[in-house]
Amino acid sequence: MRAIILMFDSLNRHMLPPYGDTFVDAPNFARLAHRAATFDNFYAGSMPCMPARREMHTGRHNFLHRSWGPLEPFDDSMPEMLKNAGVHTHLVTDHQHYWEDGGATYHTRYNTWEFFRGQEGDPWKGDADALRGVRFPAVLKTQDAVNRKYMSTEAEHTQTRTVDAAVEFLETNVDADRWMLQLELFDPHEPFFAHDKYRDLYPSDYEGPVVDWPGYNKVVEPQDQVEQARREYAALVSMCDFSLGRVMDFMDEHDMWKDTMLLVNTDHGFLLGEHGWWAKSVQPWFNELVHLPMFLWDPRTGGADVRRGELAQTIDIAPTMLRFFGVEPTEDMLGKDLALEGGKEGALFGIHGGHVNVTDGRYVYMRASVDPANGPIEDYTLMPTHMRSRFSVSELAEWEPAAPFSFTKGLRTMRVDSVGGFRINSWQHGTLLWDLETDPGQTTPIVDDEVEQRMIELLISLLRENDAPPSIFTRLGLPDGDVTAEHLRVAVDLDRALKIAEPLPDLAELPARELLMAPVQALLADGVTREVLERHLPWLVTTELITATPMASIMGIAAVGGVSVTKLREMADDLAQTTAAAVVS
């Protein structure tokens with residue numbers, strides 16, 4: 001028995017041929033749907049990148065207890081369990097987050113691993129003149145420009161080199177038994193860097209700025225830029241499709257389908273203007289982000305060219321892979337074997353500190369904080385690192401030991417008040433309820449007290465099953481006992497939710513357009529302007545997002561902090577007046 005996991009990052013379900021009408025050229029995904037089971041109701045769990053990967057290892061959710069971080073000492077790791085059972089596990093990837101502080105314990109769970117450098121802002125190639133003095137996050141784009149100089153051909157692209165290495169592993173081990181290959185590609189994650197062979201599939205007369213790396217904010221760009229960004233993304237998906245075809249071709253040529261599992265998945269999607277947003281992590285987790293493509297060929301059960309409608313999630317991958325090789329999942333794994341067990345009654349998903357969401361397959365309930373400060377938020381960890389850094393001394397100064405959770409093997413964790421990681425103020429967006437049967441695009445939230453009460457009860461049941469900390473119940477205003485009318489929030493929050501969901505105004509309609517389009521760094525050179533920004537955007541100014549960012553992006557980012565269209569107009573007026581006064585003085 002052998003197994004191949006082919007994992008993409010930020011792969012949108014709604015842009016693949018097996019899932020509907022799409023302009024994306026992806027014939028190998030259509031071909032895959034004929035060779036495997038296509039899951040129609042597969043959901044993410046914890047987002048974004050490394051939280052999702054922790055779920056793939058442990059078979060349980062990450063986001064309720066901790067933000068982005070490494071595997072914990074008490075975690076059960078599916079690849080390590082297979083390794084200990086005599087299954088050779090090999091990871092080949094160009095996903096650079098494995099080699100940062102917040103991902104450093106994952107790859108060593110495998111027998112062997114290979115890593116290919118150069119994706120996104122990976123600090124790979126050094127150019128002192130280009131990189132000197134450039135600070136985070138602007139340094140990511142500068143570093144990416146440096147890296148691309150070393151990928152001038154498709155053969156040199158990190159995706160190509162990663163797939164080359166995977167094929168080499170297959171060639172070496174095609175006659176061997178009991179191995180698992182995890183081929184993990186960073187694409188089509190932003191930036192959308194593909195060579196002309198794929199970009200030429202999507203011709204256009206667009207002549208505007210390069211838009212292959214959207215910001216994590218509201219859409220403020222004109223429609224032609226939005227459409228071009230979608231074409232750039234589509235080109236990279238087509239490149240991913242070609243890589244998928246290389247793997248399937250090898251399986252065809254060597255008759256591997258009879259004894260080799262193939263699982264094709266992603267961690268989450270990516271918004272390309274839907275709901276008026278770019279990217280992920282800073283807005284509610286709409287279905288474009290969490291309703292995932294998932295394909296499985298399992299020789300135990302067959303099931304080629306079939307659709308499967310049961311509710312399933314990322315946490316189901318670990319038990320499925322373990323049982324395929326005859327290894328029993330641990331008691332702490334809450335996922336199910338996709339071949340042998342039925343679907344779920346409900347699926348939890350979310351990001352640490354954001355909405356806590358649940359779906360039963362028809363309704364999606366997004367429970368927001370009842371406190372405008374969106375607290376309390378706590379990290380429970382023995383591995384105190386963020387995405388790219390360790391916890392600071394100040395963050396750790398007042399940590400307290402927490403009682404063991406059911407899954408920590410009797411160990412007490414560090415309880416740390418959370419100030420780092422991704423922070424979406426869920427209160428600003430409000431509690432939301434969606435009916436996917438009547439509104440699959442999630443355009444209009446519904447108010448239905450009976451359905452909301454039932455979804456709250458389902459949410460509480462799943463939180464208890466996952467041993468969620470008390471702070472989750474406090475932040476969300478959830479009861480220990482019966483759910484009553486006082487716990488319903490959709491109608492209470494609806495006005496606020498609709499206001500923040502408004503599209504941003506066209507920059508051309510705002511005063512002092514030239515001023516607003518200037519780099520924020522220049523605006524911050526004036527102390528009065530900083531005071532104005534702090535008054536209107538306290539959330540924004542306390543982050544590292546203010547660098548040499550165009551004001552258009554700042555306006556988009558502002559919505560993350562709950563700034564309404566009215567406030568944005570006020571900010572524009574205030575900035576114009578105070579900066580003009582400073583210039584005069």
Could you name the lysines in cross-link range of Lys409, using Cα to Cα under 26 Å and dropping any fewer than eight places away on the same chain?
Lys83, Lys336, Lys344
Potential lengthening between Leu382 and Glu207 on full extension [0.36 nm per residue; Cα-Cα distance subtracted]
57.9 nm
Contact order normalised by residue count of the chain, Cα under 8 Å, 6+ apart, percent
20
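In debye to the nearest 20, how big a dipole does segment 356-500 give about its Cα centre with +1 on each Lys and Arg Cβ and -1 on each Asp and Glu Cβ?
It comes to approximately 740 debye.
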Once you put a point 7 Å from the Cα of Leu340 and another 7 Å from the Cα of Asp259, both along the Cβ direction, what distance in nm separates them?
2.0
Over the C-alpha atoms of segment 1-73, what are the Rg and the largest Cα-to-Cα span, Dmax, in Å?
15.1, 45
Under the definition of Cα pairs under 8 Å and six or more residues apart, what whole-number percent is the relative contact order of segment 356-500?
32
Mind checking which lysines have their C-alpha under 18 Å from Lys125, skipping anything on the same chain fewer than 8 residues away?
Lys141, Lys149
Placing +1 at every Lys and Arg Cβ and -1 at every Asp and Glu Cβ, with all other atoms neutral, what dipole size does the chain have around its Cα centre, in debye to the nearest 20?
880
Taking 1 over the mean of 1/r across every pair of different Cα atoms in the chain, what Kirkwood radius in Å do you get?
24.8
For segment 1-158, count the residues as N, evaluate 2.2 N^0.38 Å, and divide the Cα radius of gyration by that value, please.
1.21
Rg ratio (alpha-carbon, reference 2.2 N^0.38 Å) - segment 356-500
1.17
Order of 234-242, 247-255 by packing, highest average Cβ count within 10 Å first?
234-242, 247-255
For each of Ile472, Ile315, count neighbouring Cβ atoms within 10 Å of the residue's Cβ, then give the residues from fewest to most.
Ile472, Ile315
Among the trypsin sites (Lys or Arg not before Pro) in segment 382-466, which ones are in a DSSP loop with at most 15 other Cβ atoms within 10 Å of the Cβ? Mind listing them?
Arg388, Lys409, Arg412
Residue-span extension gain [Arg390 to Asp175] - 0.36 nm each, minus C-alpha spacing:
73.1 nm
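Loop only by DSSP, 13 or fewer other Cβ within 10 Å of the Cβ. Give me the trypsin sites (Lys or Arg not before Pro) in segment 145-252 that pass, ordered by residue number.
Lys149
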Along the Cα→Cβ direction, 7 angstrom out, place labels at Lys409 and Asp449. What is the inter-label distance in nm?
4.9
Limiting things to C-alpha atoms, what are the Rg and the maximum Cα-Cα separation (Dmax) for segment 236-385, in angstroms?
18.5, 59
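Rounded to two decimals, what ratio of Rg to Rh does segment 330-385 give with C-alpha atoms and a Kirkwood Rh?
That ratio equals 1.07.
How do Phe42, Phe23 line up, fewest other C-beta atoms within 10 Å first?
Ascending Cβ contact count within 10 Å gives the list Phe23, Phe42.
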Amide H of Gly477 versus every other amide H placed in the peptide plane: which residues, excluding those fewer than 5 positions away on the same chain, fall under 5 Å?
Val370
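Relative to the present Cα-Cα distance, how much length would full extension add between Arg117 and Trp399 at 0.36 nm per residue of separation?
97.9 nm
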For each of Phe324, Phe136, count neighbouring Cβ atoms within 10 Å of the residue's Cβ, then give the residues from fewest to most.
Phe136, Phe324
Which value, in Å to one decimal place, does the Kirkwood hydrodynamic radius take for segment 92-249 when every pair of different Cα atoms is included?
17.3
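Would you kindly give the portion of the calculated P(r) for segment 41-116 that falls above 13 Å, as a percent of all Cα pairs?
Across segment 41-116, Cα pairs with separations above 13 Å total 66 percent.
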Average projected area [Cα convex hull, segment 426-472], square nanometres:
4.3
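Read the figures in this text as sums done on the coordinates, not as results from a lab. As the structure is a computational prediction, the values presented were derived from the model and not from experiment. Ideal geometry is used to build each Cβ from the backbone, glycine not excepted, and the neighbour counts take in all protein chains shown.
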